[in-house]
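Data first, discussion second: the structure below is written as structure tokens.
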Amino acid sequence: MKILMIEDNKSVSEMMGMFFKKEQWDASFAYDGNEAVEMFKSAPDDWDMITLDLNLPGKDGMAVSSEIRQISQTVPIIMLTARDSESDQVLGLEMGADDYVTKPFSPITLIARIKALHRRAQMGTTNSADEENTQQTNYDVETGNFKLSSSTREAYLDGKLIPDLTPKEFDLLKTLAQKPKQVFSREQLLQLVWNYEFYGDERTVDAHIKKLRQKIEKVGPQVIQTVWGVGYKFDDSKEN
């Protein structure tokens, strides 16, 4: 795995560099926002994972995440932040991060998060590569109003492509859509979509749902419903 760690604290970078080396990962480091964006722009296809500090000189993490997402919708991003307010964490996820880890963090925890996120991203890439020459798209979910394909990592509502889905947004939509009208709690979605025991905050689900809904509403009616006090469900019956 090739990692770009964007972190202005060189002690943290050096510490994580040792852990990355132990995992036999190839890590590069950027120490301010402008440097990070330039490094990513120079070779956007080279990176398998980005860890992104929120507080950066030159250009803050929110701006960096936004610019990276304009270049790539698929590269996994884990945001590192010393801030503990709900608004900062949710905003970071809305700006394109797939996950967040709050400082101070355990290196082992960050390694586990990286592995889990990378595993999910690789599953999507493998599916696409295996079926890239298939003449007819196979849809995992297909109804009169909605279609979703893991092979192309695309979803359509009323015949229109739901635009710019990040890996986590696609996985979240697929999990819900595979079992229409079944209610999933936030805890269930964290386990099914993030594929590990999530020791952070359930608000990461809410943030991804919010962003996913915004993209769905660009092409058609809302198909992700809130079940108050329980969680979320997928319903494209147009009777909701």
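The values are calculated or read from the model by the stated rules, or taken from the named source; none is laboratory data. Because the structure is a prediction, the values reported are computed rather than measured. Neighbour counts run over all protein chains shown; Cβ positions are idealised from the backbone, glycine included. With ligands, DNA and RNA removed, areas are computed over all heavy atoms of the protein, side chains included. Shrake-Rupley method; radii C 1.70, N 1.55, O 1.52, S 1.80 Å.
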Percent accessible area from carbon and sulfur atoms, the range 2-123, protein chains only, probe 1.4 Å: 50 percent
About the Cα centre, charge dipole magnitude for the range 141-234 (Lys/Arg +1, Asp/Glu -1 at Cβ), debye: 240 debye
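For the range 141-234, report the convex hull volume of the alpha-carbon atoms normalised per residue, in Å³, without decimals.
Normalising the Cα hull of the range 141-234 by residue number yields 91 Å³.
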Net charge, Gly231 excluded, C-beta distance under 11 Å - Lys, Arg +1, Asp, Glu -1: -1
Of Lys115/Lys179; Lys41/Lys210; Lys2/Lys233; Lys21/Lys210; Lys115/Lys160; Lys103/Lys210, those spanning more than 30 Å from alpha-carbon to alpha-carbon: Lys2/Lys233; Lys21/Lys210; Lys115/Lys160
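Give me the net charge of Asp32's neighbourhood, meaning all other residues with Cβ under 12 Å from the Cβ of Asp32; Lys, Arg count +1, Asp, Glu -1.
-4
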For peptides 111-122, 165-176, sequence by mean Cβ density within 10 Å, most packed first: 165-176, 111-122
Average accessible surface area per residue within the chain, 1.4 Å rolling probe, Å²: 48 Å²
For the range 2-123, alpha-carbon Rg relative to the globular expectation (2.2 N^0.38 Å, N residues): 0.95
Candidates Phe184, Phe29, Phe105, ranked by Gaussian network fluctuation over the chain, Cα under 10 Å, top entry: Phe105
Two-decimal Rg to Rh for the chain - Kirkwood Rh, Cα set: 0.97
For Ile6, distant residues with modelled amide H under 5 Å away: Ala30, Thr51, Leu52, Asp53
Low-density loop cleavage sites - GluC sites (Glu not before Pro) in the range 1-59, where at most 16 other Cβ are within 10 Å (DSSP): Glu23
Förster radius 22 Å - calculated FRET efficiency between Lys21 and Glu202, Cβ distance, rounded to 0.05: 0.05
Distance between modelled label sites at Thr226 and Leu192, nm, 7 Å Cα→Cβ extension: 2.0 nm
Candidates Gly17, Gly96, Gly144: whichever shows maximal mean-square fluctuation once the chain is modelled as a Gaussian network with Cα springs under 10 Å: Gly144
Additional length obtainable on full extension of the chain from Ile108 to Asn9, 0.36 nm per residue less Cα span: 33.8 nm
Length gained when the stretch Lys210-Lys160 is fully extended (0.36 nm per residue, less Cα-Cα span): 16.0 nm
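Full-extension gain between Thr143 and Asp45, please, as 0.36 nm times their residue separation minus the C-alpha to C-alpha distance. Don't jump to the answer; show the numbers that get you there.
Details: separation 98, 0.36 × 98 = 35.28 nm, distance 3.44 nm.
Using 0.36 nm per residue and subtracting the Cα-Cα distance, I get 31.8 nm.
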